[in-house]
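Working notes, structure below.
The values are calculated or read from the model by the stated rules, or taken from the named source; none is laboratory data. Predicted, not measured: the structure shown is a model, and the values here were computed from it. Backbone-built Cβ (ideal geometry, glycine too); neighbour counts: all protein chains shown.
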């Protein structure tokens, strides 16, 4: 079983729904809003917003995630469209002024190839928003990672389900890239068989000021920066960087 097939199977165990994240997303929502969930995974937050009356489309590059999201929506009788799409192609796919809210969380946007591509995508999302629309992006606070030389993130250990998720960082200053090394270990119900899958991908360690400047350049008129979905003030030691901006 490949890494992403295994991860999709246990995605909702590893990345459990966070109440503060849901509350943060709902703050921008009005009933009937059209919402785009970029890098939606298995649709956890798409479903949460759909429950509150949003018209949601969820997109993800990984087909196994999308199939799982579709199955969850069908079981719960949620009218959500889940599509396998690349986040760089969404303006061409949906057109301008199509959504009231676009959000891309889970440290997803830094999976793009370079900072220039991230800047283009943020500009695309600006153009895809309706007037007064909201864009929300969340990533790891890479200012903290680089400043403190952090080489791994906290272990995710779901003892009851027998799942561990290990995450390590290797920063290359010369290339301005991070090699993100992950391992998922599964041992369900005390089984003798343990599943281990490894993966390595390249991330773009986007800094807070770089992100802010991209939002300004895109044309956003109100930009708020937080250190987490609890709306704590951002500082160098914040674990996350959350940007919420209005068109």
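State all residues of segment 177-201 that are touching a residue at least 24 places away in the same chain (Cβ under 8 Å), within 25 Å of residue 149 (Cβ to Cβ) and exposed (fewer than 14 other Cβ atoms within 10 Å of the Cβ); if no residue qualifies, say none.
198, 201
Just need a number here: residues in segment 204-247 that are farther than 18 Å from residue 109 by Cα, free of Cβ contacts under 8 Å to residues at least 24 places away in the same chain and not in a strand (DSSP E or B).
2
In segment 145-167, which residues are under 19 Å from the mean Cα position of the chain (by Cα) and either in contact (Cβ under 8 Å) with a residue 60 or more places away in the chain or buried (at least 20 other Cβ atoms within 10 Å of the Cβ) (or both)?
Selection gives 145, 156, 165.
Looking at segment 2-10, can you tell me whether even one residue there is part of a loop (DSSP other than H, G, I, E, B) and within 29 Å of residue 97 (Cα to Cα)?
Checking segment 2-10: not a single residue is part of a loop (DSSP other than H, G, I, E, B) and within 29 Å of residue 97 (Cα to Cα).
Scan 68, 91, 74 and give me the residue that is surrounded by fewer than 21 Cβ atoms within 10 Å (Cβ to Cβ), touching a residue at least 60 places away in the same chain (Cβ under 8 Å), in the same structural domain as residue 21 (by TED's automatic domain parsing) and in a helix (DSSP H, G or I). Working first, answer last.
Details: 91 fails: touching a residue at least 60 places away in the same chain (Cβ under 8 Å); 74 fails: touching a residue at least 60 places away in the same chain (Cβ under 8 Å).
After applying the criteria, what remains is 68.
Any residue at all in segment 115-131 that's without any contact (Cβ under 8 Å) to a residue 24 or more places away in the chain and exposed (fewer than 14 other Cβ atoms within 10 Å of the Cβ)?
Within segment 115-131, the subset without any contact (Cβ under 8 Å) to a residue 24 or more places away in the chain is 116.
Those still in the list that are exposed (fewer than 14 other Cβ atoms within 10 Å of the Cβ) too: 116.
Yes.
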